[in-house]
Amino acid sequence: MKITQIRNATQIITYAGRRFLIDPMLAAKDAYPGFPGTARAEIRNPMVDLPFDVETILDVDAIIVTHTHDDHWDRAAIERIGKDKPIYVQNDSDADLLRSQGFHNLTVMTENSRFGDVQLSKTHGGQHGTDRAYAVPELAERLGEACGVVFRHPDEKTLFIAGDTIWRADVAAELQKQQPDVVVLNAGYAHIIGFGPIIMGQEDVLNVHFLLPQARIVATHMEAINHCLLTRSALREYADANQMSDVLSIPQDGETVIF
């Protein structure tokens, strides 16, 4: 298994000989305004350039879109990705949206979806924000649903991509159920003003380590979007202080980690 960090939550997963692109955000630096109502909204997105050209990034067998927020599925991705590329989505609503954008080779993930001989299981229990945020109807609609995915193959370690979620009991239960060897966490601690985090932060990474002490953890969704407040260096310092650096990878954009 190889995990190549592209930018933000965009990664290329090489798994059982197949290449999967996760959550493509392909725009040039500063293409979009910051997300309104979030931390540091005056900063434009994305904050950094892609580490590779788009053609290289799109040289994959399939794409997984965990949800369709602009920092996971943007206008540049819609324009540049081939309309017949196999794409896996979380639900019928996202499938309808992508179909309206011209894509037609779509699969709604279940617990037993497959791409060739790779099993792709949609995760359950995630929540893209706090209960406080979801108590506000307009904000709940804006945050929506987001999923993760579990990769399985007889010749590979089990990989759990958590997606955009905070740490909560249902996420812990799903991790306990799946027992992954490698866990990818969106750990940039993105914040909505007045409502708190909408993805994980450093203490949540530690909680995953406590739950699955033998698992390797990869931190992503950092240093690319205005509302992500946790930096790589701060997470590394926290990991060192909590003696979990040996199980935690925090790849730079363009870096590949191998398991």
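The values are calculated or read from the model by the stated rules, or taken from the named source; none is laboratory data. Note that this is a predicted model, so its numbers are computed, not measured. Note that we place each Cβ from the backbone using ideal geometry, even for glycine, and neighbour counts take in every protein chain shown. Calculation scope for accessible area: heavy atoms of the full protein, side chains included, ligands and nucleic acids excluded. Shrake-Rupley method; radii C 1.70, N 1.55, O 1.52, S 1.80 Å.
Checking each residue in the range 11-22 for being touching a residue at least 60 places away in the same chain (Cβ under 8 Å) and open to solvent by less than 10 Å² (accessible area, probe 1.4 Å) picks out GLN11, ILE13, TYR15, PHE20, ILE22.
Once the range 180-218 is narrowed to residues that are in a strand (DSSP E or B) and in contact with a Gly (Cβ under 8 Å, 6 or more places away or on another chain), the residue that is surrounded by the most Cβ atoms within 10 Å (Cβ to Cβ) is ASN186.
Residues of the range 94-110 being open to solvent by 80 Å² or more (accessible area, probe 1.4 Å) and either at pLDDT below 95 or not in a loop (DSSP other than H, G, I, E, B) (or both), which ones?
Taking the range 94-110 and keeping what is open to solvent by 80 Å² or more (accessible area, probe 1.4 Å), we get 96, 99-100, 104.
Scanning the range 94-110 gives ASP96, ARG99, SER100.
State whether one or more residues within the range 33-48 are assigned to a loop (DSSP other than H, G, I, E, B), out of contact with any helix residue (DSSP H, G or I) (no Cβ under 7 Å at 6 or more places or on another chain) and without any contact (Cβ under 8 Å) to a residue 24 or more places away in the chain. Within the range 33-48, one or more residues are assigned to a loop (DSSP other than H, G, I, E, B), out of contact with any helix residue (DSSP H, G or I) (no Cβ under 7 Å at 6 or more places or on another chain) and without any contact (Cβ under 8 Å) to a residue 24 or more places away in the chain. Residue-level check: of (1) in contact with a helix residue (DSSP H, G or I) (Cβ under 7 Å, 6 or more places away or on another chain); (2) closer than 26 Å to TYR15 by Cβ; (3) aliphatic (A, V, I, L, M); (4) not in a helix (DSSP H, G or I), LEU230 misses just (2). Residues in the range 158-179 that are of a type in the set (A, V, I, L, M, F, W, C), farther than 12 Å from VAL208 by Cβ, open to solvent by less than 20 Å² (accessible area, probe 1.4 Å) and touching a Gly at 6+ places or on another chain (Cβ under 9 Å): ILE161 alone. The residues of the range 32-59 that are hydrophobic (A, V, I, L, M, F, W, C) and either at pLDDT below 95 or under 20 Å from the mean Cα position of the chain (by Cα) (or both), listed by number, are PHE35, ALA39, MET47, VAL48, LEU50, PHE52, VAL54, ILE57, LEU58.
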